Amino acid sequence: MKKSVFCCLASLLCWSAVAVRAAKVDTVEVHSRKMGRAVRTIVISPEKTEGKGAAVVYLLHGYGGNETTWPGLKPELKDYADRENLIFVCPNGENSWYWDSPLNEDSQFETFVSRELVSYVDGHYRTLPSREKRAITGLSMGGHGALWLAIRHQDVFGAAGSTSGGLDIRPFPDNWDMKEQIGAKDAGVCDWDDYTVINQTGKLKDGALRIIFDCGYDDFFFEVNQAFHQKLLERGVMHDFIVRPGAHTGEYWSNSIDYQILFFLKFFRASH
């Protein structure tokens, strides 16, 4: 009887020790000087940051989403934060496609995420403020956004990913409010060739940016992901490209992000 009580007490104490360790989840209003307004952002950080600071992963949502998308899809982000000493940053990118829109002064999300948000996070959290400790990924529209930003700002991000990303926007001229940001495809306002990720590959040199992206076989973006993969191969830019069963769903993204976090962790640990 005494042994049973002791075992139960020991188990309870162990459980309590684990339960006390809980990542911090902050909802913050980050001011954008360029847009002249604040952008709501969720930051998930370890309860106790180890060493000199934590590496940071930026997570971008898809069309119709907001800052709550990734924390809702993947509640385990809090566990990753504590266990792996990581900070996750989830901004509200609205339906911007993470461009600096030439049409809308209040939609300047390339500058916001790659400069203003990074500066805020490094200034308010115990980060390791270098590109070798900073990664970015996203789903769908956010997959496009993550690679768009990382390729164009390789001084900021050392690794990048995309899951089910719209990596070539041109086959979808009437979808997802893109023409609200850059004008209709044939209207002559903007050249859509200049605003699609697949045409940014000329800015890449092999090994300069660590890249991982994936897409499900049943996803409507599957073909453009394959095309992006082929474009990188033609340019001699090595990368991880994963295809697996699945469609454009939360279930797929929740599974996918586990692999991408592992990829980023290996990148962070390789750079001291």
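Coordinate-derived values only; no laboratory data. Just so you know, these numbers come straight off a predicted model, no measurement behind them. All Cβ positions, even for glycine, are placed from backbone atoms using ideal geometry, and neighbour counts span all protein chains on display.
Which of VAL30, VAL189, VAL113 moves the most in a Gaussian network model of the chain with Cα springs under 10 Å?
Largest GNM mean-square fluctuation: VAL189.
If you line up the long axis of helix 2-20 against the longest principal axis of the chain, both from Cα atoms, how many degrees apart are they, to the nearest 10?
For helix 2-20, the angle is close to 30 degrees.
Find the relative contact order for the stretch 22-270 and round it to a whole percent, using C-alpha pairs within less than 8 Å whose residues are 6+ positions apart.
Reported relative contact order: 17 percent.
Semi-axes of the equivalent ellipsoid for the chain, please: Cα gyration tensor eigenvalues, times 5, square-rooted, ordered largest first, whole Å.
Each semi-axis is the square root of five times an eigenvalue, giving 35, 21, 18 Å.
Cross-link list LYS179/LYS205; LYS74/LYS185; LYS48/LYS74; LYS52/LYS266: which exceed 24 angstrom alpha carbon to alpha carbon?
Checking Cα-Cα distances, LYS179/LYS205; LYS74/LYS185 exceed 24 Å.
Treat the count of other C-beta atoms within 10 Å as a stand-in for reagent exposure and order VAL89, VAL156 from fewest to most.
Arranged by neighbour count, lowest to highest, VAL89, VAL156 become VAL156, VAL89.
Report, to the nearest 10°, how far helix 250-270 tilts away from the longest principal axis of the Cα atoms in the chain, using its own Cα long axis and a range of 0 to 90°.
Roughly 80 degrees between the two axes.
Rounded to the nearest 500 deg cm²/dmol, what is the calculated helix-only ellipticity per residue at 222 nm for the chain, with -39500 (n - 2.57) per DSSP H run of length n ≥ 4?
-10000 deg cm²/dmol
Would the stretch 168-238 count as rounded, prolate or oblate if I go by the C-alpha gyration tensor, calling it rounded below 1.5 in a/c and otherwise prolate when a/b exceeds b/c, oblate otherwise?
oblate
Treating the angle as unsigned and between 0 and 90°, give the value, to the nearest 10°, between the Cα long axis of helix 141-152 and the longest Cα principal axis of the chain.
80
For the stretch 17-115, max minus min Cα coordinate along each principal axis, in Å, sorted largest first?
The Cα atoms of the stretch 17-115 stretch 52, 28, 17 Å along the principal axes, largest first.
Could you pull out which residues in the stretch 199-220 have an amide N less than 14 Å from a spot 7 Å beyond the Cα of ARG170, following the Cα-Cβ vector?
Only 199-202 fall inside the zone, counting backbone N under 14 Å.
Would you order TYR252, TYR58 from fewest to most other beta-carbon atoms within 10 Å of each residue's own beta-carbon?
In order of increasing Cβ crowding within 10 Å: TYR252, TYR58.
Sort LEU117, LEU233 by Cβ crowding within 10 Å, fewest neighbours at the top.
Going from least to most buried by this count: LEU233, LEU117.
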